[in-house]
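The values are calculated or read from the model by the stated rules, or taken from the named source; none is laboratory data. Here the structure is a predicted model, which means the values were calculated and not measured. When we count neighbours, we look across all protein chains shown, and the Cβ atoms used for this are built from the backbone with ideal geometry, even at glycine.
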Ligand code: G4P
């Protein structure tokens, strides 16, 4: 299976703008999708914000498996300089939890002289606008664009001594782990044209049959799902939901869309597509592959340089 790739461009501009903004930031909030915390993180952000206290917000927790959210929160809370909280669009006062966690991370900030300055980041569709809208609607204190970084940068005041800056630019996911590509696609974080629905649905079902067989069986009124292969399950789902074409053949594309839609909207139930341990394994494997690719690239580059030298100085090539 080919790895899903998704680099919509302008990333270097976002990178530059974040690097500029980060200098005057006390805490970086990274909004993650609670159903795929590892995959919805942007590794570039970790590089850009190294050393800054980090608050991981597991958003959309209403859609995620609560037991796994507990595991992820514990995982992040055990990292140095890091705190984690779960949120969802139904939490009535998200500002309170955010402010408390930020002051725990940077206790030396506060008061009018040293206000808390926080940057909020997250890949598209993770719920950043929803959260910012909730925060601004509560306090109606959006202070507008700030000159200097980008015209569109927002500064929101959550308290007299607490400023929240929205990321300048769009932080796209960077996919170095094949499984992350599928999870991001299943969650809705990747543009429709960048992936094949059937492939994504098969990967999704492959995971869900093992980890949430009862929820799948209940939603699609199927028995014996534990014994089904993912293709069989996709077909059974299509048949059950009337996604047929030309007689009794299942329209697999339609069945895939149904499975993905049901997962995204939460009607399948509360599910999480990765545990901290699983993600660590995928990441290690992805990084190993990346390193192997780099070694190959370096060897090709070295070979090219030697050939170039030989062409320029044919006497040395004997
Ligand atoms: P973004 O700015 O990070 O890109 O995300 P945005 O706030 O636009 O949210 C993306 C979708 O996620 C929205 O759905 C929004 O309602 C939903 N969402 C945000 N926070 C939560 C949450 O805590 N729980 C749940 N269940 N949903 C949340 P949408 O408007 O229907 O967009 P879409 O379905 O077309 O992507």
(Q) Under 7 Å between Cβ atoms, which residue pairs at least 6 apart in sequence (or on different chains) link something in the stretch 244-271 that is at negative phi with a partner that is part of a helix (DSSP H, G or I) and surrounded by fewer than 16 Cβ atoms within 10 Å (Cβ to Cβ)? (A) 270/66
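Only one of 170, 175, 156 is buried (at least 17 other Cβ atoms within 10 Å of the Cβ), part of a loop (DSSP other than H, G, I, E, B) and modelled with pLDDT under 90; which?
Values: 170 fails: buried (at least 17 other Cβ atoms within 10 Å of the Cβ); 156 fails: part of a loop (DSSP other than H, G, I, E, B).
Residue meeting the stated conditions: 175.
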Q. Tally time: how many residues in the stretch 181-207 are at pLDDT 95 or above and more than 22 Å from residue 286 (Cα to Cα)?
A. 2
Q | Check on residue 220, more than 24 Å from the chain's Cα centre (by Cα) and surrounded by 15 or more Cβ atoms within 10 Å (Cβ to Cβ) | A | yes
Q) How many residues does the stretch 190-205 contain that are farther than 15 Å from residue 252 by Cα and surrounded by 23 or more Cβ atoms within 10 Å (Cβ to Cβ)? A) 1
Q | Close pairs (9 angstrom Cβ cut-off, 6 or more residues apart or separate chains): at pLDDT 90 or above in the stretch 13-26, assigned to a helix (DSSP H, G or I) anywhere | A | 26/102; 26/105
